[in-house]
Protein chains: 2
Amino acid sequence: MDGKPYIAQRPKRADGRRNYDAILAAARKAFESAGADASLEDIASQAGVAIGTLYRHFPTRASLVEAATRDGLENLVAHAERLTAGPDPLDALIAWMREAVVHFSTFRGLVGILAQSMYDEGTPSHTMCSAMHRSGADLLRAAQAAGRVRPDLTPDELFDLLSGAAWVREQATPDRDGSARFLELLLEGITTRD
Amino acid sequence: MDGKPYIAQRPKRADGRRNYDAILAAARKAFESAGADASLEDIASQAGVAIGTLYRHFPTRASLVEAATRDGLENLVAHAERLTAGPDPLDALIAWMREAVVHFSTFRGLVGILAQSMYDEGTPSHTMCSAMHRSGADLLRAAQAAGRVRPDLTPDELFDLLSGAAWVREQATPDRDGSARFLELLLEGITTRD
DNA sequence: GATTTAAGCTGAGGCAACCTCAGGATGTCA
DNA sequence: TGACATCCTGAGGTTGCCTCAGCTTAAATC
């Protein structure tokens, strides 16, 4: 939309770095337990820092979420590259999809943010989302080239399916997590018959 | 959880009914354009009523959402009954699923509330959700009895699939609505081959 | 070690939304 | 025309968001 997205950067000064890290740690914990709309003032006070300091390092909630989930998404991309080298492209795609669903539902509200970021440049998470999109698209293409996945499935559609599965997982209570089954049924729909 | 859910009831006195209806109309409009977390104070003022009046009729946001969506869900249940009489149980199930996805995504945030209500008694929408669950389960059972849908699919799983599809639709921008395709792929996964 | 200065920190305060409740208004019924 | 239950009002307490003017301090320089 407007200008480039703000990606939080670890600051230079020692006290700055200390606070940055403390805020990030507190945010991860808070998001985990209260979802993506956890109170920022709580996060600041958990980190032992004034609210202004949180805003200095992370001017928007989205930038904080981005920083808190960057590692996970980087891993996902890295893992995709490793999987590409494997023998079976369908197995690779499936393994990656499972992992993606888990990452997308790290905490309540995350999938929504990622789905938003996927198609909205000017969003902090957009960069990582695009990278992930590419990883997935590569794995998909390979599986399609091997004739193992229906050729008319597009990467965008793949991401819709993954987001849907992740959303269901996000909603689920510990005793009722249908996401594995959800993915299984999806796979049934997108793989080719033999 | 605690006690029975509060289901908003149309009040007795003429001014009460007038306000109740006005609030409901304003709420529908607001939910449509701002999602389920639209400002209640805005809704009240749009309805030409003080905030206290809104709370009198609808003590919680969930009760207002319930009232605003009750008709739609009732229709869905009624339609299921009509469909049961049809010749082809798979066609009936599919038609109903399409309709369900549309209803679930009437406005942003609704699927989340419904998914919540489905398994949480003590929620205003729980009653309607259960009724819907039953409708869907009936149609599913019929299609399974006819050997048209994989027999191991449970009603709960069916609702996970529908919610996932609805969520994707809810997220979609007008130019990018993958929900039809989503459902198509799901159907591929749950129908039996011939 | 003292000086300088850019980087960082603080928290009061304005704003918006939520929700409650005491006091006042009014439809309805007899 | 009362009497009264129902209904309405809106001020105000609370929480969370976010900004900014003023203060502190790490670290680079001399």
Interface burial for B against A (accessible surface, 1.4 Å probe, total of both chains, Å², rounded to 100): 2300 Å²
Any lysines with Cα under 24 Å of the A:Lys12 Cα? List them, leaving off those in the same chain fewer than 8 positions away. A:Lys4
Carbon and sulfur: what percent of chain A's accessible surface (1.4 Å probe)? 51 percent
Per-residue HN-Hα couplings for region A:80-92 [Karplus 6.51, -1.76, 1.60; θ = phi - 60°; Hz; x = Gly/Pro]: 4, 5, 5, 5, 4, 6, x, x, 10, x, 6, 4, 4
Which one, B:Ala25, A:Thr106, B:Thr53, projects farthest toward the positive side of the charge dipole computed for the protein assembly as shown from Cβ point charges (K/R +1, D/E -1)? B:Thr53
Would you mind classifying region B:62-190 by shape? Square roots of the alpha carbon gyration tensor eigenvalues, ordered a ≥ b ≥ c; an a/c under 1.5 is rounded, otherwise it is prolate if a/b is larger than b/c and oblate if not. oblate
Dipole magnitude of region A:10-61 about its Cα centre, charges +1 at Lys/Arg Cβ and -1 at Asp/Glu Cβ only, in debye to the nearest 20? 380 debye
Whole-Hz ³J(HN,Hα) from phi, Karplus 6.51 cos²θ - 1.76 cosθ + 1.60, for region B:164-179, glycine and proline x: x, 4, 5, 4, 4, 5, 4, 6, 4, 8, x, 7, 9, 10, x, 5
If every Lys and Arg gets +1 and every Asp and Glu gets -1 at its Cβ, then about the Cα centre the protein assembly as shown yields a dipole, in debye to the nearest 20, of 900 debye
Taking the solvent-accessible surface of protein heavy atoms with a 1.4 Å probe, what is the per residue accessible area of region A:70-156 in Å²? 44 Å²
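According to the square roots a ≥ b ≥ c of the eigenvalues of the Cα gyration tensor, what is the shape class of the protein assembly as shown, taking rounded for a/c under 1.5, prolate for a/b larger than b/c otherwise, and oblate for the remainder?
In terms of gyration-tensor shape, oblate.
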Per residue Cα convex hull volume in Å³ - calculated over region B:14-59: 56 Å³
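The values are calculated or read from the model by the stated rules, or taken from the named source; none is laboratory data. Keep in mind that this is a model prediction, so the values were computed, not measured. Note: ideal-geometry Cβ built from the backbone for every residue, glycine included; neighbour counts use all protein chains shown. The protein model used for the area step is the full one, side chains on, heavy atoms only, and it has no ligands, DNA or RNA in it. Shrake-Rupley method; radii C 1.70, N 1.55, O 1.52, S 1.80 Å.
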